[in-house]
Structures are given as structure tokens and as C-alpha cells.
Amino acid sequence: MKIRKKTPKPAPAKPPLYVIGYRGMPPSLEELKVWYDLHYGGPLTWLEPAAEGRVSASHGPWRAHVLTNLPNSDAAQWQQVLSWDHQELGAVSLSTATPSTIADTVLVTARLARGLTLLTQGTAFDVACHDYLNPSDWNDRPLDVFIAADHITVQHNETDDHSCEWFYTLGLTKFGLDELEVIQPRGLPDRDTIALLQCAADGVLRKGHNQKVGCAMDLHALAQTIRFIKHRTAAPTGRMVAFRQITTDRA
């Protein structure tokens, strides 16, 4: 479970996957390509420039969109959201993907954001997770390794009436999926609930689609079965997000 360093304001509409803040001149696309090919084998290929300086990056069949220097109007919006002192901002966005390629597409996008963060010694903001990533916070994984916990976090708050504790994921929306939540009485151990949500998120991600309310899913790693009991929307980060509530027999 990651502790949020700040509480950002709601992000602008249609946000990218990552916003990267840094000082000085933004890195060139060639610098980013050299770094990427060195760390991940490449070849990273830049496709034709898109609108407003955005370019598409291709690694094999997967693509992402990169903008190393946000326009002033967009940068001003993000400065208000993030409340940090980085003067230059870049952004990395998802490209169109199918359910079978979305995990690799998210992974390529995250690697590009990591590259921009390390090359500039800046800070990346994971928009879906509302998480800040400094250069030392990124996990350096081999090219063929995908770990859901690198892209999905578990957060913890009280319910609006303060009667229960609310545990929920952030990050499944990157993959076009609803977030998961557990609502439980106060005072129960946090660790078990966090592990349950992490394992459930991994299971839903592997299935590649939202589970219907009323259905069950076996979590073999925990030797438990969860049930999806409710579907609703909430805005823990200022933007409405769909949630599916889960429970177990022990709950």
C-alpha cells in the first residue's frame, strides 16, 4: 500500500497516463530512444508527429503517445492539480489497444514515463493511481516481466459516515476495467484486506474483463473465493470512477 504524498485536485479532462515534471530543457526524442533501446532492447521507433507536437512511439506491435513539452495552457492546468515546482512538463498517453494487448501497451507507456523521469531527474505523476514517482521509485523490471502491483495501488479511507473502513484499488482503469473495493467494519487488520485487493486486482486483470455482480472468483494464491456484490461510482480522487465491491466468506 502506497501512502499518497499529496492530495491532488481533479485532473483535466482526458488525462494522459503519466505527467512528468522536470527542470530545464526537455530531453530530445533521440535521447529518449537511446535510453529506451539501451534498457529494453528496442528498437523504439518514432512515427509521424501528431497534433500539437505529440508523437507516437512504437515498440514492436505496441504504441504510446509522447509529448516532451506540454503547451503552456495544458501545463498551467496541471500545475494547479499537482502543486509542484517543476517548470517544464511532459506527458505520456496510452494508444488504442485491444483487451489482449492492453497490458503490454500500459507497460510500454510506463517505460517511456520512467525514461523521461530518469533522464530529467524529475517526478512522474501516475494519473490513475494519483501517485508520485521520483527516479528511485520506479521498479526496473526485465522486458518480459509484468507485475500488476507496479501499475495498481491500494488506498485506504473511511466511509463518508465514518462508520466503516474503505479499501479500494486505483489503476485498473488504465486497463479499461472497474476498480475494486472492500468496505469492512473498523478495527480489522489492514494487511489481509490489502493483500486480498491486490490479489483480486491481479485476477481481474488476467481475465481481462469486469466480473458481473453476483459472480464468484477463486483466488488460489490466498486460498479464498471472492464474490462481486455491488457496482457503483465514487470519486476518491475528484473524478468519478466505477467500482465493484467484493467480499469473502470470512467477511
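Of all residues in segment 97-111, count the ones that are farther than 17 Å from V19 by Cβ and in contact with a helix residue (DSSP H, G or I) (Cβ under 8 Å, 6 or more places away or on another chain).
3
Just checking, how many residues over segment 184-205 are within 19 Å of I102 (Cα to Cα) and without any contact (Cβ under 8 Å) to a residue 12 or more places away in the chain?
Total meeting the criteria: 0.
Which condition does T173 not pass, out of (1) under 23 Å from the mean Cα position of the chain (by Cα); (2) farther than 14 Å from A148 by Cβ; (3) not aliphatic (A, V, I, L, M), if it passes all the others?
(2)
When only residues in segment 87-115 that are in contact (Cβ under 8 Å) with a residue 40 or more places away in the chain and touching a Lys or Arg at 6+ places or on another chain (Cβ under 6 Å) count, which is surrounded by the most Cβ atoms within 10 Å (Cβ to Cβ)?
It comes out as V106.
I need every pair where a residue in segment 217-236 that is assigned by TED's automatic domain parsing to the domain that holds E158 and assigned to a strand (DSSP E or B) has its Cβ under 6 Å from the Cβ of a residue that is among the charged types (D, E, K, R) and surrounded by 14 or more Cβ atoms within 10 Å (Cβ to Cβ), sequence separation at least 6 or different chains.
F228/R244; H231/R244
Which condition from (1) modelled with pLDDT of 95 or more; (2) within 22 Å of A128 (Cβ to Cβ) is the one that V213 breaks?
(2)
I'm checking my understanding of the structure. Among residues of segment 136-157 that are touching a residue at least 12 places away in the same chain (Cβ under 8 Å) and over 12 Å from R111 (Cα atoms), which one is surrounded by the fewest Cβ atoms within 10 Å (Cβ to Cβ)?
So the residue we want is N157.
Could you tell me which of the residues A200, A216, A221 is closer than 25 Å to F146 by Cβ, of a type in the set (A, V, I, L, M) and surrounded by fewer than 13 Cβ atoms within 10 Å (Cβ to Cβ)?
Going through A200, A216, A221 in turn, the sole match is A221.
Just checking, does segment 204-211 include any residue being in contact with a Ser or Thr (Cβ under 6 Å, 6 or more places away or on another chain) and under 15 Å from E179 (Cβ atoms)?
No, segment 204-211 has no match at all.
I need a count of the residues in segment 178-197 that are part of a helix (DSSP H, G or I), of a type in the set (A, V, I, L, M) and buried (at least 19 other Cβ atoms within 10 Å of the Cβ).
Here the count works out to 2.
Which numbered condition trips up T237, out of (1) surrounded by fewer than 19 Cβ atoms within 10 Å (Cβ to Cβ); (2) within 19 Å of the chain's Cα centre (by Cα); (3) hydroxyl-bearing (S, T, Y)?
(1)
Going by what's in this entry, would M240 be described as modelled with pLDDT under 95 and not assigned by TED's automatic domain parsing to the domain that holds T105?
Considered against the rule, which asks whether it is modelled with pLDDT under 95 and not assigned by TED's automatic domain parsing to the domain that holds T105, M240 comes out as yes.
The values are calculated or read from the model by the stated rules, or taken from the named source; none is laboratory data. Just so we're clear, the structure is a prediction, and the values are computed from it rather than from any experiment. Neighbour counts are summed over all protein chains in view; Cβ atoms, including those assigned to glycine, are modelled from backbone coordinates with ideal geometry.
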